[in-house]
Amino acid sequence: MLRIFGLTFLLILSGYVLAEPIADTHAEMSGCESCHINGEPSDDMVHENSSCVECHGPLSDFADETHQGHHDVLECSNCHLAHDEVTPSDSCVNCH
């Protein structure tokens, strides 16, 4: 299962759009509670971003330059719009 997720993550980073939003994939695996308290989004996304780090590790642990370059600058949800069918690279224009 982890191998499948890793491959999916690499496809996202390479610019491919998944057939379904990331949130759908996570909900199928663990339900909405895997990211949200009681399955409901928080106002500040602190819990959701902490959930990302719990499963995937901090940005500094990723081998690629993009993640390491944004360590302590961005939160996961700044680039990974979990409920939309977008690639993280589409979010780059918001800052660059």
Residues being under 14 Å from the mean Cα position of the chain (by Cα) and assigned to a helix (DSSP H, G or I) - total across region 62-73: 2
Any hit, region 60-67, residues being open to solvent by less than 70 Å² (accessible area, probe 1.4 Å), in contact (Cβ under 8 Å) with a residue 40 or more places away in the chain and in contact with a helix residue (DSSP H, G or I) (Cβ under 9 Å, 6 or more places away or on another chain): yes
Residue list for region 19-46, restricted to those being assigned to a helix (DSSP H, G or I) and of a type in the set (Gly, Ala, Ser): Ala23, Ala27, Ser30, Ser34
Single unsatisfied condition, Asn49 versus (1) surrounded by 14 or more Cβ atoms within 10 Å (Cβ to Cβ); (2) not in a helix (DSSP H, G or I): (2)
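Pull up region 71-80, narrow it to residues that are touching a helix residue (DSSP H, G or I) at 6+ places or on another chain (Cβ under 7 Å) and open to solvent by 50 Å² or more (accessible area, probe 1.4 Å), then point me to the one that is farthest from Pro21 (Cα to Cα). Please lay out each step first, then the result.
Restricting attention to region 71-80, the residues satisfying the condition of being touching a helix residue (DSSP H, G or I) at 6+ places or on another chain (Cβ under 7 Å) are 71, 75-80.
Checking the rest, the ones that are also open to solvent by 50 Å² or more (accessible area, probe 1.4 Å) come to 71, 75, 78.
Working: His71: 24, Glu75: 18, Asn78: 15 Å.
Among them, the one singled out is His71.
The values are calculated or read from the model by the stated rules, or taken from the named source; none is laboratory data. None of these values were measured; they are calculated from a predicted model. All Cβ positions, glycine included, derive from the backbone under ideal geometry; neighbour counts span all protein chains shown. Calculation scope for accessible area: heavy atoms of the full protein, side chains included, ligands and nucleic acids excluded. Shrake-Rupley method; radii C 1.70, N 1.55, O 1.52, S 1.80 Å.
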